[in-house]
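In what follows, a structure is listed as structure tokens, so that the remarks can point back to it.
The values are calculated or read from the model by the stated rules, or taken from the named source; none is laboratory data. Remember, predicted model here, so these are calculated numbers, not experimental data. With ideal geometry, Cβ positions are generated from the backbone for all residues, glycine too; neighbour counts draw on all protein chains shown. Keep in mind that these areas ignore ligands, DNA and RNA; they rest on the heavy atoms of the full protein, side chains included. Shrake-Rupley method; radii C 1.70, N 1.55, O 1.52, S 1.80 Å.
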Amino acid sequence: MLASHFRCCYQRHLVPFLVRRNPLRFQSVCSAPALLPAAKAAEESESPFVKSTSVTKIVQTQHGEVEVDLPKVCFGCGVRLQDKDPDKPGFYNLTERLLEKLLQEQMDRGKEDEPVSETQTETEAQEEKPEADVKDMSEDEKFEMLDAMLDAQAASPQKKEQVTYVVEDDDQDVALRCARCYSLMHYGKVKSTLGESFLPEFNLGKKVGRKIALQKGRRAVILCVVDVTDFDGSLPRAALQELIPEGPSVPGMGCKLVLAVNKVDLMPKPITKARLEIWVRTRGKDGGLPPLASVHLVSSVNMLGVQDLLHDVIQKVGVRGDLWVVGAQNAGKSSLINALKQATGTSGTKDLTTAPLPGTTLGVVEVKGLPMPRKCHVYDTPGVKHGFQLTTIVSPVECEMLLPKRPLVARTFRTASGYTLLIAGVARLDVVSCPSASIYITFWAADQLQCHLGKTEGAEERFWKFAGRTLKPPENESRVEDLGALQPIDIEIVGSSWKKSTKDICFAGLGWFGIGVSGPAKFVAWSLKGAQITVRDSLMPDFAKTFETPGMCRSVHAGGVSRKKKGGKRRK
């Protein structure tokens, strides 16, 4: 009570007096931001986005006109809602059943507003009552009062600001999805293919990076989600460099980068957590990433590592800060956020929209329902579009064919120079030369993709014969012509062992080839125009137990066991 009285008297009466009497002394005494109303007001500006998230609309019903509060954006994907054009993004249909539900939610929220109790009013009146005496004080008495307050503050132990963790109510906003999100959730496809051409472009560095840079006194924790099955293709290096400034000019309380390696449930059992984490850190450093605060191996499907990730980001956000979830398209950002909500028991009808389709999230979505500190916020951002990934080059149906749905199964080929490996109708690898009679190539990708091993002579004819028919994607023969011919690139690597894979040739959005060779080897890698092909140190050095034979071959996954064609060679 005494501290509250001192603070109230100080701000209302002593501050104006000290400013007139001695401005320099006033500036030195009031250096603590907790004593300044302006600093306190700036401190309470929690969200970098506009507070108004709803709009009142008059709707005609069978009982007459009613007013209903509707959100401005879809909570599933973040796109601005509209009810004018069904072929454009953000269209929604306000049915009679949905309207009744919205009105009921609006009435329930209105009942929760309680008036201020009489006890609270009397307490505030008692605190303000002694202030009248300060006006009649002389200058010496005012300075004595100020010195007593400062002495009491210096003698008392310095208390840290208490961090209050709160699970924000997920029912504060109206649950309204756009037609595109509804179709993706219930039917697995977009409602209007014409509307896909009107989807808004999102510049992560310009829109999110600028908001992070303008935040004062707030820490920014960037949670970057990457797909372990397509690490190099899903790692947004350029976007992260725009988001995280370098040097001593970092504004606010700085930025921290947390890397979440998603979909580890798709990795085969031989790889260990320690080995994978070391490989991720080394690969991130070689790729020019900013320093990593922490690395987490997670799976949004079986909840592996989700609890540890949640505790880590809460600790790193601190008392006041923002958590920004970023990543490439189809990396699993929204799925991971829904898994974080599931880990806290707050998942439900207001989960983010997820689908095996690039660009599911279209705008920045504030995520509620996570046990973050009271002054902290969580934002899901649209996936960074990587035009060099095969998943963005092909159609949505073909993209679903490329994405692995079960743990990866190794397919190892013992071959030699002059042979070609066709992967579906989107990739090809020619062995030009190798230092020995044999070379071992292990293919890691979705097990539903078919492949063909044969001599390089006649490979072009075989490609046009089987692409779109046996080798899918493309989904049909007409799509083969639409996607165009494969483009070649020369690759030379130097391996250190033929007993295991030491180098990988990666096709962004598809998978990778592990190369087991001792010495230099030359290849020609082919893929669709614009697709990225890179070389790295091997992620999975293991070979398959059974080798594939020349001709058309396919791994069929059934009950967790990989069934091979008969006649496959056993590894010696």
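Some points to look at:
- Cut-off 11 Å between beta-carbons: net charge of the residues surrounding Trp444, Lys and Arg +1, Asp and Glu -1: -3
- Binned Cα-Cα distance frequencies in segment 425-543 - 10 Å width, integer %: 13, 44, 33, 9, 0
- For Ser294, distant residues with modelled amide H under 5 Å away: Leu259
- Each residue of segment 367-377 is assigned a 3J(HN,Hα), and the resulting list reads 9, 10, x, 9, x, 8, x, 4, 9, 10, 9 Hz, derived from the Karplus form 6.51 cos²θ - 1.76 cosθ + 1.60 (θ = phi - 60°), x at Gly and Pro.
- Close amide H pairs (under 5 Å, H built 1.01 Å from N) link Ser496 with Thr502, Val517, Gly519, residues at least 5 positions away or on another chain.
- For Arg374, nonlocal amide neighbours, meaning residues 5 or more places apart or on other chains whose placed amide H falls under 5 Å from its own, are Thr164, Val166.
- Model label points for Val397 and Lys216, set 7 angstrom from Cα along the Cα-to-Cβ axis, are 5.6 nm apart.
- Length gained when the stretch Met552-Met185 is fully extended (0.36 nm per residue, less Cα-Cα span): 128.5 nm
- Taking each of Lys285/Lys455; Lys207/Lys333; Lys385/Lys455; Lys273/Lys503; Lys273/Lys341; Lys316/Lys500 in turn, the alpha-carbon distance tops 30 angstrom for Lys285/Lys455; Lys385/Lys455; Lys316/Lys500.
- Segment Ala148..Asp85, full-extension length gain: 15.9 nm, with 0.36 nm per residue of separation and the alpha-carbon distance subtracted.
- In order along segment 503-519, the phi-based Karplus estimate (6.51 cos²θ - 1.76 cosθ + 1.60, θ = phi - 60°) of 3J(HN,Hα) comes to 9, 10, 10, 9, 10, 4, x, 10, x, 8, 10, x, 10, x, 7, 10, x Hz; Gly and Pro are listed as x.
- In order through segment 318-324: 3J(HN,Hα) via Karplus (6.51 cos²θ - 1.76 cosθ + 1.60), integer Hz, x for Gly, Pro: x, 5, 9, x, 10, 9, 10
- Solvent-accessible area assigned to carbon and sulfur over segment 434-528 amounts to 49 percent, based on a 1.4 Å probe.
- Gain on full stretching of the segment that runs from Gln342 to Gln315 - 0.36 nm per residue minus C-alpha separation: 7.8 nm
- With R₀ set to 60 Å, the beta-carbon distance separating Asp69 from Leu292 gives a calculated FRET efficiency near 0.90.
- Using the 1.4 Å probe convention, the accessible area of segment 464-546 works out to 44 Å² per residue with neighbouring protein chains retained.
- Local electrostatic count at Asp482 - Lys and Arg +1, Asp and Glu -1, tallied over other residues with Cβ under 13 Å: -2
- Computed E for Val535/Lys207 - FRET, C-beta separation, R0 22 angstrom, nearest 0.05: 0.05
- Taking a Cβ cut-off of under 10 Å around Trp324, the surrounding Lys, Arg, Asp and Glu residues balance to a net charge of -1, with basic ones at +1 and acidic ones at -1.
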